[in-house]
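Asks: Quick one: this structure, given as structure tokens, is what I'll be asking you about.
The values are calculated or read from the model by the stated rules, or taken from the named source; none is laboratory data. Note that this is a predicted model, so its numbers are computed, not measured. Cβ placement follows ideal geometry from the backbone for every residue including glycine, while neighbour counts extend to all protein chains displayed.
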Amino acid sequence: MGRGVKLDIDFADLGEGWCADNRAKPDAQAPVTLPPEKHRLRLFKQKRRGKWVCVAEGFALEAQAAKALLKSAKKALGRGGTFKEDRLELQGEDLEALGAWLEGKGFGLK
């Protein structure tokens, strides 16, 4: 193909929902926030890389509320942890202490 040759290219119609900028995509749903007594959390523990992790799953909180809850849990239970998506993950295998602490905060457990 030489210089100065124009190409005839047809582009597919991707519809109205498509956008070249990924940051500008519309949100499918607004996050649902529930009060603590409406939550039904699932507690379990997993072994990851040879160490136990306690997981509380099923939170419906805003980012700031989740961050505050994580900070409070880490301080009250004396261990490290993280909050990912709808789950609170704390180091260690003392699941009963996490459950009791969450019930004390007013969260419902399954």
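Asks: Among (1) under 19 Å from the mean Cα position of the chain (by Cα); (2) at pLDDT below 95, where does G92 come up short?
Replies: (1)
Asks: Then there is this: Considering only residues of the range 79-110 that are of a type in the set (D, E, K, R) and not in a loop (DSSP other than H, G, I, E, B), which is nearest to R42 (Cα to Cα)?
Replies: R87
Asks: Tell me, which residue of the range 58-78 that is of a type in the set (D, E, K, R) and either assigned to a helix (DSSP H, G or I) or at pLDDT 95 or above (or both) is surrounded by the most Cβ atoms within 10 Å (Cβ to Cβ)?
Replies: K74
Asks: Could I ask something else about it? Could you please give the count of residues in the range 39-57 that are assigned to a loop (DSSP other than H, G, I, E, B) and charged (D, E, K, R)?
Replies: Number of matching residues: 1.
Asks: I'd like to verify a number: residues in the range 1-34 that are at pLDDT 75 or above and surrounded by 10 or more Cβ atoms within 10 Å (Cβ to Cβ), how many?
Replies: Residues in the range 1-34 being at pLDDT 75 or above and surrounded by 10 or more Cβ atoms within 10 Å (Cβ to Cβ): 2 in total.
Asks: Given (1) touching a residue at least 24 places away in the same chain (Cβ under 8 Å); (2) within 21 Å of E96 (Cβ to Cβ), identify the lone condition not met by T82.
Replies: (1)
Asks: Could you tell me how many of the residues in the range 79-102 are among the acidic types (D, E) and surrounded by 13 or more Cβ atoms within 10 Å (Cβ to Cβ)?
Replies: Result for the range 79-102: 4.
Asks: Which residue pairs have Cβ atoms closer than 8 Å, lie 6 or more positions apart in sequence or on different chains, and pair a first residue in the range 36-63 that is free of Cβ contacts under 8 Å to residues at least 60 places away in the same chain with a second residue that is hydroxyl-bearing (S, T, Y)?
Replies: A60/T33; L61/T33; E62/T33
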